[in-house]
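*Asks:* Quick one: the structure is below, and I'll ask about it shortly.
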Amino acid sequence: MHTELLSMDQMQELSPYSYHYIIPHNQQRIKAYGVVLFNTHNRPKAVSEAENLEQTLETLGYIVFKMEWTDVAELQSMIESALIRVIDDCSMLFVAVMSHGQRGVLAGSDDLETPINDLLHPITHSLPDYIPMVSTILCYALIVS
């Protein structure tokens, strides 16, 4: 598997025969993508955090799309747009949504909130079964002054 050039069709064909996701070592035909979506509202270091994550993913070999969002409708549109751009040759997808929020809810610049699951469901349903959606990770930062 380390030298094979698998296409998306071949990955799809092999998928039912494996208990694991098939992620070819040779990524010439298929690629790992990262989508970094960040909100700067009341987040003075948001741009540098997003840039650091973008650089880290690129170092790992991901093709990265980094976008700033302000409200939930715009965020949902950006997610849909990113999925359309990557779906044809995506072997792995990393999505980071950076914002303020609490207990599974994100807040936009307009202070309207949306459950994180409302953002994850379209991703889950848009990606074919053979593309890994391994886990969702919620990171909370506590700032003490």
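Values in this text are rule-based calculations from the coordinates and carry no lab data. Just so you know, these numbers come straight off a predicted model, no measurement behind them. Please note: Cβ atoms are built from the backbone with ideal geometry, for glycine as well, and neighbour counts cover all protein chains shown.
*Asks:* Check which residues have an amide H placed less than 5 Å from residue 106's amide H, if you skip close sequence neighbours.
*Replies:* Counting only residues 5 or more places away or on other chains, the set is 114, 116.
*Asks:* Give me the net charge for the shell around residue 113: Cβ to Cβ below 13 angstrom, other residues only, Lys and Arg +1, Asp and Glu -1.
*Replies:* Charge balance near residue 113 sits at -3.
*Asks:* If I take R0 = 25 Å and measure r between the Cβ atoms of residue 80 and residue 12 in this structure, what FRET efficiency does the formula 1/(1 + (r/R0)^6) give, to the nearest 0.05?
*Replies:* Using R0 = 25 Å, I get an efficiency of 0.70.
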